[in-house]
Structure formats: structure tokens, C-alpha cells
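Chemist: One structure follows; several queries about it will come next.
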Amino acid sequence: MSKTAPEQAGNGTDNVPRGIMLLICAVLIFGVQDAVAKILVQTWSPMQISMMRYWAFGLFSLLLVMRQAPLRQAFKSSLPKWQIARGLLLVADIWCFAMAIRTVPLAELQSIAMIYPLLVTLIAIPVLGERVGVFRITAIIVGFVGVLVILRPGGLVIDEGVYFAGAAMVFYGSYIVCTRKVAQVDSTATSMVYVGVIGLVLTSVVGVFFWQPMGWDGVLLVAVVMATTVSAHTLMMMALRHAPASVLQPFNYLALPWAIVLSIVVFGHMIDFISFIGATIIAGAGLVIWARERRWKVLVTDPEATPAGKE
């Protein structure tokens, strides 16, 4: 799952099919990254792996920003406290996700991760003052029912990994809401430099205390994580140049079946049928919210498109 990609808006005027294909490739690569990270955290600390992953992403962000503007200029923000909060939230999300992936199977973890659009909708109500109607509230409730189906007695074992997974999604949902907030006044370069620098510094300061020596096998796997991080984010940004985020969003749900495949092939774990139903419920609720948000944007542009109060 993508955990560090800055949200950017596509112009929607280029090759939409190409944008979709690029996003699908990014989703597949992110899945491989999660599988390799899961292998790594069985031996090395999640804090160490998160730090080394951020070395790649942080440097990638800084190099990308420096191509657009001087770093000193990029650091100028109209909402610096919100930008700092974004950076801290994303680091907390990555730490928790790395802790969760140690014990939670990939398929079930990706299923839980699908709740983040629901959390974004909830958090945006008090933070951004967004209106949420009966359809989206119902979708949120249904989505959390899907989570309960996965966590039912006899289903996924509830251990600390599950709690870390839930915390990761809360942090990530909050990060997305903060990103929406700053996107109204700050440039993409500013948002990227804050996330990159804060994450690079914070994960390194903490990660060094969890350092364990690595053999060549570990170094090779870390190199794969770094390469997949940079390549997946590059493909995602290329996708957003060809198609708007609202068009691409549904294809992010391909991460779930891909996680199921990787879980079977790499780890020999098959998600049980009832948990799969729960995951499908969560994904369906997320798609409903996506559809309603798209419709709401149309209503804002054309208030006469439908009677008021139906959102």
C-alpha cells in the first residue's frame, strides 16, 4: 500500500488509460514492497527498516523538489504547523504499519488498510468542516461492519499487530486530511519537502537506536524496498499527470486482490472466505464514498444538478 505518496492533482487532459496503467503498475510494485518489508521485519526492527525506507523516499522527495524550486523557497509555508503535523503523522503511520506487517498477514492487513477513506471522511468533518450526508455516513458504518467481520471470533487473531494496523490507518487518514488543508494554500513542492525532511530526520534519529547489522541478504532486500519505493512513487506521479486523482482512486483497490495473491505465493497464507467477504464490504463502502465525493464536486460546480439535501 502506498504510504508516502504526496497527493497531487492530475490535469485530466492527457492520456487517461495510460494514467490508469501507470497507477496499476505502482499498486503492484507497492504490494511487492510490502511483501519484502514483511520478510525483513521478521529479522530486523521495524524502526530500522522504516528508517532505511525513508532514506530512499526522503532523498527522492528532496531531489524532486530541488528540480522545481530552491529548498529555502520550498520551506516557505502559509500553514507551517499543519505541514509539520503532516510530517509527524506520516512517520507515525509508517512506524505503525511496519509494526503491524510483522504479525498480520498481508491480505488481512490490506483489508484493514482499506478503511482509510472512511476515516478521512470522518476526520474531515471537524477538521475541514466538510458536509457528510446520509449516504456517506451509512457507507462508513457499513465499512466498519466489514472490519468487525474480519475481526470476528475465529477470524483474524487480534494481537498488537492489529492495533498497530488500526493506529496506522488513523494516522494516515489524519495525514490525508491535513494534506487537503495545506493544498489550499501551499505548493506541492512545499508539501513534499516538509514530509521528506521531517520523515528523514525523525526516522533516522529513532532508527539508529534499533540498528542491527545486516548481511548481504538483508542489504539486498532493503535495496529492493528502496527501489520499489522510488519507482512506485515515480509511477504514481506520472499517472497523476495523465489522469485526475478522482478517476484513478478506484484502481487503488486492486491492492487487495494483489495482496491476497502475494500472501498465498510468498507466505503460503490464504485469507478465509468470511474475511474476504468483510474485505469486500470495506472496499465497497470506500467506493461508495468515492462516488458520493465525486458527485458532491459536481454539485458544487453546478448546484442545480440535483435537489439540495440529497448528499
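Here, each number is a calculation from the coordinates, and none is a lab measurement. Since the structure is predicted, the reported quantities are computational estimates derived from the model, not experimental observations. For neighbour counting, all protein chains shown are included, and Cβ atoms are generated from backbone atoms with ideal geometry for every residue, glycine included.
Chemist: Placing +1 at every Lys and Arg Cβ and -1 at every Asp and Glu Cβ, with all other atoms neutral, what dipole size does the chain have around its Cα centre, in debye to the nearest 20?
Modeler: 640 debye
Chemist: Placing +1 on the Cβ of each Lys and Arg and -1 on the Cβ of each Asp and Glu in the stretch 16-305, which of Gly166, Thr138, Val247 has its Cα farthest towards the positive end of the resulting dipole?
Modeler: Val247
Chemist: Further, regarding this structure: For the chain, compute the number of Lys pairs whose alpha carbons are separated by less than 16 Å, excluding pairs fewer than 8 positions apart on the same chain.
Modeler: Here the count comes out as 4.
Chemist: Would you kindly state how much longer the chain becomes between Asp159 and Val219 on full extension, computed as 0.36 nm times their sequence separation minus their alpha carbon distance, in nm to one decimal?
Modeler: Separation in residues times 0.36 nm, less the Cα-Cα distance, equals 18.7 nm.
Chemist: Turning to a different aspect of this structure: Using R₀ = 35 Å, calculate the FRET efficiency as 1/(1 + (r/R₀)^6) where r is the Cβ-Cβ separation of Arg152 and Gln42; round to 0.05.
Modeler: Calculated transfer efficiency: 0.85.
Chemist: Could you give the Stokes-Einstein D for the chain in µm² per second, using the C-alpha Kirkwood radius, 25 °C, 0.890 mPa s?
Modeler: 123 µm²/s
Chemist: With n ≥ 4 as the cut-off for DSSP H runs, can you work out [θ] at 222 nm for the chain, using -39500 (n - 2.57) per run divided by the number of residues, rounded to the nearest 500?
Modeler: -25000 deg cm²/dmol
Chemist: Stretch Met238-Val206 to full length: gain in nm at 0.36 nm per residue minus the Cα-Cα span?
Modeler: Answer, rounded to one decimal: 8.3 nm.
Chemist: Can you tell me the Rg and Dmax of the stretch 63-120, counting just the alpha carbons, in angstroms?
Modeler: Over the stretch 63-120's Cα set, Rg and Dmax evaluate to 16.2, 43 Å.
Chemist: Starting with the highest mean, order 187-197, 221-231, 207-217, 150-160 by the number of other Cβ atoms within 10 Å, averaged over the residues of each peptide.
Modeler: 187-197, 221-231, 150-160, 207-217
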